[in-house]
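Here, each number is a calculation from the coordinates, and none is a lab measurement. Quantities reported herein were computed from a predicted structural model and do not represent experimental measurements. Positions of Cβ are backbone-derived with ideal geometry, glycine not excepted, and every protein chain shown enters the neighbour counts.
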Protein chains: 2
Amino acid sequence: MKKNLGPVNALYPTPVTLIGTEVNGRINYINIAHVGIIDFNTLSLSMVKTRYSIRGIKENMTLSINLPSEDMVIKADFVGIVSGADYDKSNIFESFYGELKSAPMIKDAPICMECKVVNIIDMPKHDVFFVQPINTYCNEEVLTNDTIDFSKVKPILFDRPQGKYWQLGKPFANCWSIGKEYKND
Amino acid sequence: MKKNLGPVNALYPTPVTLIGTEVNGRINYINIAHVGIIDFNTLSLSMVKTRYSIRGIKENMTLSINLPSEDMVIKADFVGIVSGADYDKSNIFESFYGELKSAPMIKDAPICMECKVVNIIDMPKHDVFFVQPINTYCNEEVLTNDTIDFSKVKPILFDRPQGKYWQLGKPFANCWSIGKEYKND
């Protein structure tokens with residue numbers, strides 16, 4: 001039996017990201033899991049319009065997307081519950097830079113993308129940033145044959161309905177392949 | 001040591017969805033994992049412009065988002081590797097309808113959202129549909145206290161770099177809570 005929950009967004013889990021910015025010249029990070037893939041090289045990040053990070057993003061039109069690993073969950077959640085307007089978050093993580101001087105990245109994060117903002121979508125309560133990575137830095141320990149191996153990344157997955165962070169499980173099938181086993185009855 | 005992979009999209013894993021449409025009056029489903037959350041009730045779906053499903057979406061401005069469970073992986077992958085232009089996919093799943101008469105949903109999928117299309121973003125090679133669910137139907141077996149419980153949904157997660165489908169692991173922390181344990185050194 002199906003139950004109608006009404007107009008509920010059930011599109012979870014999504015990967016937790018830590019977005020690096022500079023706001024008034026100070027490094028800031030925020031936890032964003034309302035993200036998306038727009039095309040092969042364009043990603044989306046959704047932020048409530050009051051977020052402090054937005055000031056830096058609009059000023060510099062750059063940001064970084066860092067994928068934290070499970071063992072970073074305390075800090076990853078912390079930067080989501082305190083605002084840069086009230087708290088200096090510049091020293092929570094050790095930062096490094098790539099080409100973009102206003103897109104600080106997190107040394108401990110296994111995957112860091114430095115990104116340019118290419119579009120801003122104005123929704124009623126949210127600014128949605130379309131961004132494109134110009135460089136993606138990965139810890140060598142999370143690569144297998146120079147490809148990102150998520151079993152080594154150990155990403156944090158977000159579920160809003162229950163308010164939980166989840167681990168990634170195991171790979172169990174190959175894409176564009178397992179479907180060939182389908183036989184029409 | 002970090003290795004620069006160049007401008008690589010590493011924003012995975014993402015949930016696999018099966019998008020239900022009617023194209024020329026025939027039910028069709030496609031596998032889309034390049035999805036996103038735009039705001040609380042607006043979701044994004046990215047499709048290469050040549051996809052057959054797009055004809056039906058633009059004609060009806062409706063679609064459904066179905067979250068398959070692990071045990072549906074063969075059919076879920078199959079509808080991603082054959083086109084509705086060449087193959088009648090109307091009988092692969094048993095379908096049902098809610099309010100929208102052109103948004104067929106999958107009876108076996110634990111979560112089904114019937115959606116209206118509210119915007120279409122024209123990217124160079126992709127059409128990106130912003131959609132809003134008007135009703136979300138869930139199998140009662142995947143609810144805990146009337147809330148979606150992803151440990152019961154057993155969603156399929158997509159990883160493009162390695163071309164794998166992943167299981168969801170275990171919940172390991174509470175959002176907006178575990179971060180309170182952070183102490184500045």
Expected vector for region A:76-81, Karplus 3J(HN,Hα) from phi with 6.51, -1.76, 1.60 and θ = phi - 60°, integer Hz, x for Gly and Pro, equals 4, 6, 4, 5, x, 10
Among trypsin sites (Lys or Arg not before Pro) in region B:85-185, those in a DSSP loop whose Cβ has at most 11 other Cβ atoms within 10 Å are B:Lys101, B:Lys125, B:Lys183
Taking Cα atoms only, Rg over Rh for the protein assembly as shown with Rh from the Kirkwood formula is 0.96
Bounding extents of region B:14-181 in its principal axis frame from Cα atoms, largest first in Å, are 54, 35, 34
One residue of chain B has its C-beta nearest the axis rotating B onto A; that residue and its distance in whole Å are B:Gly36, 1
Inter-copy distances for A:Ser83, nm, shortest first, label points 7 Å along Cα→Cβ, are 5.0
Copies of A:Asn41 compared via label points 7 Å along Cα→Cβ give distances in nm, shortest first, of 3.7
For region B:65-151, using Cα atoms only, the Rg and Dmax in Å read 14.6, 44
Cross-link reach from A:Lys116 to aspartates and glutamates, straight Cα distance under 13 Å and at least 8 residues apart if same chain, gives A:Glu59, A:Glu99
Here the FRET efficiency for B:Met1 versus B:Ile74, based on Cβ atoms and R0 = 45 Å and rounded to 0.05, is 0.65
Between the alpha carbon centres of region A:163-180 and region A:13-81 the gap in Å comes to 25
Sorting from shortest, the nanometre distances separating the label point of B:Gly25 (7 Å past Cα along the line to Cβ) from those of the same residue in the other copies are 6.9
Sorted largest first, the C-alpha extents of region A:1-78 along its principal axes in whole angstrom are 55, 29, 28
Square roots of five times the C-alpha gyration tensor eigenvalues of region A:118-178, ordered largest first and given in whole Å, equal 28, 20, 14
Farthest towards the positive end of the dipole of chain A, among A:Gly20, A:Ile54, A:Asn135 and with Cβ unit charges of +1 on Lys and Arg and -1 on Asp and Glu, lies the Cα of A:Ile54
